[in-house]
1. Suppose R0 equals 41 Å. What FRET efficiency, 1/(1 + (r/R0)^6) with r the Cβ-Cβ distance, do A:Glu201 and B:Thr109 give to the nearest 0.05?
2. Kirkwood-based Rg over Rh for region A:43-98 (C-alpha set), two decimals?
3. Using mean Cβ contacts within 10 Å as the protection proxy, how do B:86-92, A:95-101, A:49-55 order, highest first?
4. Mind jotting down the distance between the C-alpha centroids of region A:86-155 and region B:74-129, whole Å?
5. Give the separation of the Cα centroids, region A:219-245 to region B:1-73, in Å.
6. Which entries in the list A:Lys42/A:Lys221; A:Lys168/B:Lys98; A:Lys53/A:Lys232; A:Lys53/A:Lys183; A:Lys127/A:Lys168; A:Lys51/B:Lys98 go over 28 Å, if you measure between the two C-alpha atoms of each?
7. Across peptide B:110-119, what mean number of C-beta atoms from other chains lies inside 10 Å of a residue's C-beta?
8. Find the centroid of the Cα atoms in region A:39-59 and in region A:156-184, then give the distance between the two in whole Å.
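Readers should treat all values here as calculations from the given coordinates under stated rules, not as data from a laboratory. The shown structure was predicted, so the numbers you read here are calculated from the model rather than taken from an experiment. So basically every Cβ, Gly included, is an ideal-geometry build from the backbone, and we count neighbours across all protein chains shown.
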Amino acid sequence: MTGSAIATITLTASQVERVLAAFAAPAIDQQKVRWGMVIDLKKFNELPLAKRKRVYDVCKEIHNIPIFPTAKDRVEWIWPADFEHTFPSQFNHFLPEEIENLEVPVLCNHCENPPCTKVCPTGATWKRDDGIVTMDYHRCIGCRYCMAACPYGMRSFNWRDPRPFIPKLNPTYHTRTKGVVEKCTFCVERLEKGLQPACVEASEGSFIFGDLNNLESEISKILREHYSIRRKPELGTEPKLYYLI
Amino acid sequence: MSKTPLVAVLLIFIGFFFFPYFYSVASGQLGKPVPELEKPKGDHCIEDAKWMEENHMVLLKEWRDHVIRQGIRTYISDTYGTAYNISTYTCFECHTSKANFCDKCHDYTGVKPNCWDCHVYPELLEKYR
């Protein structure tokens, strides 16, 4: 009786192993690519207001981001900011007015050297081999160390259950729960399908996304040909989000 | 010394310890048969049905790790050789209702998985429609 029970258990264990070996190879070799983004601020600010708003809204729609009535509870992955607060170290007096009044979209910088991942006590946030700083909400315990560590303030915390505040549910994406941190993921689920991130698609060419490792990619060419700035470069976090002014 | 307090404490302990049992007997839930689940669409599950019944949580956990950590989105069934998109919603393509399938067994066994706090299920979609 005992013998057969043990045999059953070992059989199940080996079956589990066999089944778990049955995963197909990933769509993109993460070791080879290094994703980055360029935001052409001039081009972006020339867009009409409705189209600029669309860039922020499309992210909310596809990622089931809740819209809370109170500013304190705000959860956002990409939002508009101004030049002064985005680039505090580059902000000089007597800047041309059009630069001072620029609308600067801010999102996670996907740093090469991300401080948020180093403080996470559970390994819920980490940098993938392709350079994307991503989250595993299953593991997040809501300690908000990452929010304290991020020098750009690009992470949001779910203070309340977000579900009742999602205007329209996207069935192909999950929602988050109360007590987890969330942020931009460069739309990993879209990259896997060979698509561009949603904001890039909605930006009408003012956002350029691509592989920084590939010298022939559009983003590498643009960065070679233009002078670009990054947020707080003096901190050494090496953001992979570049701005053209 | 009197043994009365000791016996009283013992009785109270036994009372608390077996409370779930007495409760089930009183509410008539003891010996209730395993609930009848809704028949799924399609002719087979991702793996052997019996295996899935026992190990679906292992499979879902491995699916989670492969998708999030390694970006692997396709799973090839060991039993049937069919390729499946790794997503919690893949289950609902055949098991069309959470209330009539997942919840029935989970309620019976007293398991409360928190998958559906975040993941989308058919009933939630109905609510948003």
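1. Details: r = 45 Å, r/R0 = 1.10.
That gives a FRET efficiency of 0.35.
2. On the way: Rg = 14.4 Å, Rh = 13.7 Å.
The Rg/Rh ratio comes out at 1.06.
3. Working: B:86-92: 17.7, A:95-101: 12.0, A:49-55: 14.7.
My ranking of the peptides, most packed first, is B:86-92, A:49-55, A:95-101.
4. Rounded to whole Å, the Cα centres lie 34 Å apart.
5. 54 Å
6. Values: A:Lys42/A:Lys221 18 Å; A:Lys168/B:Lys98 21 Å; A:Lys53/A:Lys232 26 Å; A:Lys53/A:Lys183 19 Å; A:Lys127/A:Lys168 30 Å; A:Lys51/B:Lys98 39 Å.
Checking Cα-Cα distances, A:Lys127/A:Lys168; A:Lys51/B:Lys98 exceed 28 Å.
7. Details: counts 0, 0, 0, 0, 2, 2, 2, 10, 11, 4.
Mean shielding by partner chains, rounded to a whole number: 3.
8. Their Cα centres are 24 Å away from one another.
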